[in-house]
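Worksheet: the structure to be examined is printed underneath.
Every read-out reported here was derived from the displayed coordinates using simple, explicitly stated rules and does not represent laboratory data. Since we're looking at a predicted model, the values are computed, not measured. Please note: Cβ atoms are built from the backbone with ideal geometry, for glycine as well, and neighbour counts cover all protein chains shown.
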Amino acid sequence: MPELPDLVYVRHALARDLAGKRVAKARVGDPTVMRMLIAAPFESVLAGATLQAVERRGHFLRFVFDGDREVIVNAMLVGKYRVLLPNESHAEKDPVALGFALTFDDGRELRYLDDKRMGKVYVLKAKDQARVPVFANLGIDVLSPSFDVKAFSDLARGRRDQVRVFLMDKSALASIGNAYADEILFAARIHPKTMVRQLSPEALHSLFESIQTVLRQAIAVIEERGAPTDVKVRDFLAVRGRDGEPCPRCSTKIRSVRVRDGDACFCPQCQPATRRLFVDWGKLSAAKPEATTHSSAPKAIAPPKPVASDKARSPRPSRRSRNPPPGTSES
């Protein structure tokens, strides 16, 4: 999924290259991702329209056209945007993953691609934004000037869930995904399963600062790379996707743990558990092999007890005998 730092870069690139241009042709690839909230075909709604602006709201991109027409995209896990130059758009066939394509009057083409058909593309009038699921109920944008430590602390107050779940609650914070939730918690040295109510004011302040630092540094790196808009740049992340690799801070092996319906990557040493867990990777990582045995020498195996031969065995007492032989007991 294009997460917030990715979308900041993609929005800027699309606005720079396409804003102000007129749509010469619009077409649908796989209609599975399309949600038409205007009673007309996609091709006729957007053909001839001028793209006035490309905006980001949380994890959505909003394409604003003249004539009160909009396209709002929730790319979900694998949706991505690709811009083809005039010579490329005519030579390249439509991929199977194509959701929609807009060819502009200068020959450039915007394609929305979705291999898994998980994303949602809403075509609507501006007045109908409330009909787009989640979009109208997004929380505070974590990059907006109104997002400060007080606003963050107010949102955290009364939460009874785990801190990673809180970070990814889009109705509270717009919007942090799996990858950057892991990076933020690593920067703040907070275990992903820590309960929000366990966080001290100092820890909450550290978490707020980590949100700002991690996201803005990621935006700077992605913008500096200048990769195509359909390329996901993640190789600079500290813990996400690095399960089993050494922590860049302390060299402890990075682990993955299940949080709700997703996996969280973290360092057991830098992010120690604050409550009893079914598996505490911190204790396992800290345990030394010598602590599990009393001696480095192999433990001697006792020889088996000799078994008496048939002749040497005592005669088996009769079941009718009430007095067992001396030295035995009744079972």
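Worth a mention:
- Every residue from the range 209-228 that is buried (at least 19 other Cβ atoms within 10 Å of the Cβ) and in contact (Cβ under 8 Å) with a residue 60 or more places away in the chain: 211, 215, 218, 222
- For residue 242: the one exception among (1) surrounded by 14 or more Cβ atoms within 10 Å (Cβ to Cβ); (2) in contact (Cβ under 8 Å) with a residue 40 or more places away in the chain; (3) part of a loop (DSSP other than H, G, I, E, B): (2)
- Test: residue 106 is in contact (Cβ under 8 Å) with a residue 40 or more places away in the chain, of a type in the set (Asp, Glu) and farther than 16 Å from residue 24 by Cα: no
- Residue within the range 180-200 that is of a type outside the set (Gly, Ala, Ser), on the phi < 0 side of the Ramachandran plot and out of contact with any helix residue (DSSP H, G or I) (no Cβ under 9 Å at 6 or more places or on another chain) present: no
- Among the residues of the range 8-53, the ones that are in contact (Cβ under 8 Å) with a residue 60 or more places away in the chain and of a type outside the set (Ser, Thr, Tyr) come to 26 in all.
- Residue in the range 32-46 that is within 19 Å of residue 9 (Cα to Cα) and surrounded by 15 or more Cβ atoms within 10 Å (Cβ to Cβ) present: no
- You will find that of 93, 116, the residue that is more than 22 Å from residue 172 (Cα to Cα), in a loop (DSSP other than H, G, I, E, B) and free of Cβ contacts under 8 Å to residues at least 12 places away in the same chain is 93 and no other.
- Any chance residue 16 is touching a strand residue (DSSP E or B) at 6+ places or on another chain (Cβ under 8 Å) and surrounded by fewer than 19 Cβ atoms within 10 Å (Cβ to Cβ): no
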